[in-house]
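S.K.: Attaching a single structure in structure tokens format; questions to follow.
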Number of protein chains: 2
Amino acid sequence: MTPEAPTRSYRRLSVEERRRQLLDTALSLFAHRAPEEVSLDDVAETAGVSRPLVYRYFPGGKQQLYEAALRSAADELRQCFAEPARGPLAGRLSRALDRYLAFVARHDAGFSALLRGGSVVETSRTTAIVDGVRRAAAAHILGHLGVEEPGPRLRMTVRTWITAVEAASLIWLDEDKQPPVDDLRDWLVDQFTAGLVATAGRDPQTAAVVRDALGLESGEAFGALLARVLPVPGAHDRLPLPDAAEPVRETLLP
Amino acid sequence: MTPEAPTRSYRRLSVEERRRQLLDTALSLFAHRAPEEVSLDDVAETAGVSRPLVYRYFPGGKQQLYEAALRSAADELRQCFAEPARGPLAGRLSRALDRYLAFVARHDAGFSALLRGGSVVETSRTTAIVDGVRRAAAAHILGHLGVEEPGPRLRMTVRTWITAVEAASLIWLDEDKQPPVDDLRDWLVDQFTAGLVATAGRDPQTAAVVRDALGLESGEAFGALLARVLPVPGAHDRLPLPDAAEPVRETLLP
């Protein structure tokens, strides 16, 4: 994470570079230990710098270091979401997820520690930082969906998917990053599509969003998901479609 | 929660009744304040009993009270999951969710406090209690699906849905229990079905589970979801189905 750390060289760094080096060092230590077990002395030792130097950057001590590291991670996460509003939505979501999962893989257990909390340095302030990232993610997604005033069902669909992404990332880290990251990303995109479509069945706003999204997909994501999913019940003679499903047949047959 | 609390009467209660009364009182206090701000004295005052009596039941102080309250809540949650393995799966899931959401509604902000953590009394032990409930929920669901050795994709689908249920419950409480609880329950069942079906598109084990589940549904849940969902893209002339989707048409037409 900090290539120069083990050399103990006092390479001249700018204030911003030094701060970043110390935060990266702290994050790498959080990857292996609970935040409250990481002292400023540990950071100094690992970064190969003097203790007074670390204390100069973080005069508020451990709590300030932890919050700064969390904020730095949060900023990095927010940058993952930045994606031009062009092209099929599934592609945009895939690219954002690629960046997000690269972040998760890079910070590994540090990511778990940050998200799982359960530490004495956890405060309403640190919780607010993590919640801020979730809110930013939801705002990005709703922006890409072209929704300015999301109703409760659409909002809940997006927010619960974001939680599912976090949970899946933690499980993925627990299971030694299996399945491969590309499979995880595709699965997450599928889950988003499926969740959105299921909500669309009961919510007119979400139904409109799905229709607009389909217009951008050129058969790419939604059609491919449907193609994978619908043959699943093929072992049965037919899908147990009630009479209300009659329009389905018309919809599927041009 | 504790009907006799305001009367300050020293009604004779059995040890178990008294313990339950004190735990219920504690949970109701946690509903409005962070766990670390609830003292044993507060519990004594609210329950209308003497301070020594509360200290007799919880000699380990605040931390013991909190863990006992959390354990009691966890036991109650586990009971929500108990559902006979009979009949359509969507019905079983709905009934379990009804009990779970009744628990959420009853404990309100106390439920949020328990799940959100972010408190100084949060420890690896309390985290383990909450995780134990999640694991129990996953085991129940996999049991109902008839799966003994879930592969990573099926396991991830079930576990992320459980996280989504928690997140949706917290959002629901934040939004003054809107939408109505029955709508929330139906939406959660839809999301489970959709998530499972989406995973089935890439995972043979999950595909087999979905096929077996369909056999139990008699067109009830899956068919109804499909009937609601598939007409959504009806505004387009046709679904953007790629060539790979050809089997879909055969599947849907008996």
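Here, each number is a calculation from the coordinates, and none is a lab measurement. If you're wondering where the values come from, they're calculated on a predicted model, not measured in any experiment. Don't worry about glycine lacking a Cβ; one is built from the backbone with ideal geometry, like all the others, and counts go over all protein chains shown.
S.K.: Which whole number gives the average, over all residues in B:169-180, of C-beta atoms from other chains lying within 10 Å of the residue C-beta? Intermediate values should be presented prior to the final figure.
M.R.: Working: counts 1, 3, 6, 2, 0, 0, 3, 0, 0, 1, 6, 0.
Counting Cβ atoms of other protein chains within 10 Å of each residue's Cβ and averaging gives 2.
S.K.: Here's something else I'd like to know. When each copy gets a label point 7 Å from Cα toward the beta-carbon at B:Tyr55, what are the spacings between them in nm, shortest first?
M.R.: Between copies, matching label points for B:Tyr55 lie 4.0 nm apart.
S.K.: Please give, to one decimal in nm, the separation of the simple spin-label points placed at B:Thr127 and A:Glu17, each 7 Å out from Cα toward the Cβ.
M.R.: It is 3.6 nm.
S.K.: Quick one: Karplus J couplings for region B:149-155, per residue in order, coefficients 6.51, -1.76, 1.60, θ = phi - 60°, nearest Hz, x for Gly and Pro?
M.R.: Residue by residue, region B:149-155 yields 10, x, x, x, 6, 5, 4 Hz.
S.K.: Can you tell me the Rg and Dmax of region A:12-218, counting just the alpha carbons, in angstroms?
M.R.: Just the Cα atoms of region A:12-218 yield Rg and Dmax of 19.3, 61 Å.
S.K.: Give the peptides B:155-166, B:89-100 in descending order of average Cβ contacts within 10 Å, highest first.
M.R.: Descending mean neighbour count gives B:155-166, B:89-100.
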